[in-house]
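**Q** Quick one: this structure, given as C-alpha cells, is what I'll be asking you about.
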Amino acid sequence: MKTRIIIIDDHQLFREGVKRILQFEEGFEVVAEGTDGNEVLELVEKHRPDIVIMDINMPHMNGVEATKQIIESYPETKVVVLSIHDDENYVMRALQTGASGYLLKEMDADTLIEAIKVVAEGGSYLHPKVTHNLIKEYRRLAAGRSKREETKREVRLPLHLLTRRECEVLQLLADGKSNRGIGEALFISEKTVKNHVSNILQKLNVSDRTQAVVVAIKNGWVEVR
C-alpha cells in the first residue's frame with residue numbers, strides 16, 4: 001500500500017515542488033493539498049492520510065497549533081513540519097505538540113523522501129542540521145560545563161558494539177550530516193551508508209538516528225564539534 005500524503009503550505013511554488021518530488025517515488029501518493037492551517041482538519045477528515053507535511057508558519061493557524069489538533073483528533077496521522085527556522089525553540093514546540101518530523105526548507109529531495117519513509121514506519125526524523133543544534137544544546141545543559149571543558153572530553157569509541165566504520169558513521173551523524181554527506185565524507189555509496197545506519201540503530205537498540213546520537217553523546221562515544 002502507498003503512503004498517503006497531504007501537503008499544506010501557503011507558497012504555491014514550494015508546494016508544487018514538494019509534490020513533484022513525491023510523485024516520482026513509487027510508494028507515495030499525494031492525496032490533497034492546502035494553503036493554510038484552517039484547511040488541515042477538513043482535509044485530514046476527508047482523505048485520512050498517513051502523513052501531513054505542513055509549513056510551521058501559515059495564515060490563520062500556525063503549524064504548531066494545527067499539529068496539536070491533528071494529533072488529538074486523528075492520532076493515527078503523522079505530521080512532518082516544514083520550517084525555515086533551525087532554532088531549537090521552534091523544534092521543541094513542534095515535537096512537544098506531537099510532530100514526528102521536522103525538516104528545514106533548505107532540504108534536498110533525498111532528505112524529504114528519507115524523512116517520510118522513516119516517519120511512515122513509525123520513527124521520527126529531524127533535519128540533520130536541526131539534530132546537530134539540538135544535540136549541542138542538550139549536551140551543554142546536561143553537562144553543565146563550559147565549552148572548553150566539553151572540548152577536552154575524551155571520546156571513547158564503542159568498539160565493543162560497533163565496527164570502526166560504524167563509529168565513523170555515528171560521528172558524522174552527530175555532526176549533522178545527511179546520508180549523502182556521510183557518503184561523500186567516507187567515499188561510500190548512500191546505500192552503504194543506509195546499511196551502516198540501520199546496523200547502528202539495531203546494535204544500539206534505538207528506533208531512529210536522533211536517538212542514536214543522544215545515546216552516543218551520553219556515553220562519550222562522539223565529539224560534538
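**Q** What list of ³J(HN,Hα) values in whole Hz, one per residue of the stretch 96-105 in order, does the Karplus curve 6.51 cos²θ - 1.76 cosθ + 1.60 (θ = phi - 60°) give from phi, with Gly and Pro shown as x?
**A** Result, ordered by residue: 5, 8, x, 5, 9, x, 9, 10, 8, 5 Hz.
**Q** Rounded to the nearest 0.05, what FRET efficiency do Glu106 and His160 give with R0 = 45 Å and r taken as the Cβ-Cβ distance? Could you check? Walk me through the intermediate numbers first.
**A** Values: r = 38 Å, r/R0 = 0.83.
Result of the calculation: an efficiency of 0.75.
**Q** Restricted to Cα positions, what overall size does the stretch 164-219 have along the principal axes? Three whole-Å values, descending.
**A** 28, 19, 18
**Q** What is the sum of charges, Lys and Arg at +1 and Asp and Glu at -1, for the other residues whose Cβ falls under 13 Å from the Cβ of Asn195? All intermediate terms of the calculation are to be shown ahead of the outcome.
**A** Working: positive: Arg165, Lys191, Lys194, Lys203; negative: Glu166, Glu190.
Computed value for this residue: +2.
**Q** So, with a 1.4 angstrom probe, what is the percent of accessible area on the stretch 21-62 that is carbon and sulfur?
**A** Result for the stretch 21-62: 45 percent of the exposed heavy-atom area is carbon or sulfur.
**Q** Show me, for the stretch 56-70, the HN-Hα J-couplings you get by feeding each phi into the Karplus relation (A = 6.51, B = -1.76, C = 1.60, θ = phi - 60°), rounded to Hz, glycine and proline as x.
**A** Going residue by residue, I get 7, 10, 9, x, 6, 8, 6, x, 5, 5, 5, 4, 4, 5, 4 Hz, with x marking Gly and Pro.
**Q** I want the local charge near Ile71. Using Cβ-Cβ distances under 15 Å, sum +1 for each Lys or Arg and -1 for each Asp or Glu among the other residues.
**A** Computed value for this residue: -1.
**Q** What 222 nm value per residue comes from the helices of the chain, counting each DSSP H run with n ≥ 4 as -39,500 (n - 2.57) and dividing by all residues, nearest 500 deg cm²/dmol?
**A** One gets -16000 deg cm²/dmol as the mean residue ellipticity at 222 nm.
**Q** So between Lys2 and Glu42, what do we pick up on full extension, going 0.36 nm a residue minus the alpha carbon distance?
**A** 12.3 nm
**Q** Rounded to the nearest percent, how much of the accessible area of the stretch 164-219 (1.4 Å probe, protein heavy atoms only) is carbon and sulfur?
**A** Working: 1250 of 2730 Å².
Using a 1.4 Å probe with all protein chains present, the stretch 164-219 comes out at 46 percent carbon and sulfur.
**Q** Still on this structure, I have one more. For the ranges 41-50, 95-104, what's the packing order if you count other beta-carbon atoms within 10 Å of each residue, average per peptide, and put the highest first?
**A** Put in order of decreasing packing, that is 95-104, 41-50.
**Q** Ile8's amide H: which non-local residues (gap 5+, or another chain) put their own amide H closer than 5 Å, with H modeled 1.01 Å from N in plane and none for Pro or chain starts?
**A** Gly34, Ile53, Met54, Asp55
**Q** Ignoring ligands, DNA and RNA, what accessible area per residue does the chain give at 1.4 Å, in Å²? Present the calculation step by step, with values, prior to reporting the outcome.
**A** Details: 11610 Å² over 225 residues.
So the chain comes to 52 Å² accessible per residue, rounded to a whole number.
The values are calculated or read from the model by the stated rules, or taken from the named source; none is laboratory data. Treat the numbers as computed from the prediction; the structure is a model and nothing was measured. Positions of Cβ are generated from backbone atoms using ideal geometry, with glycine treated the same way; all protein chains shown enter the neighbour counts. Just the protein is used for accessible areas: all its heavy atoms, side chains included, with ligands, DNA and RNA removed. Shrake-Rupley method; radii C 1.70, N 1.55, O 1.52, S 1.80 Å.
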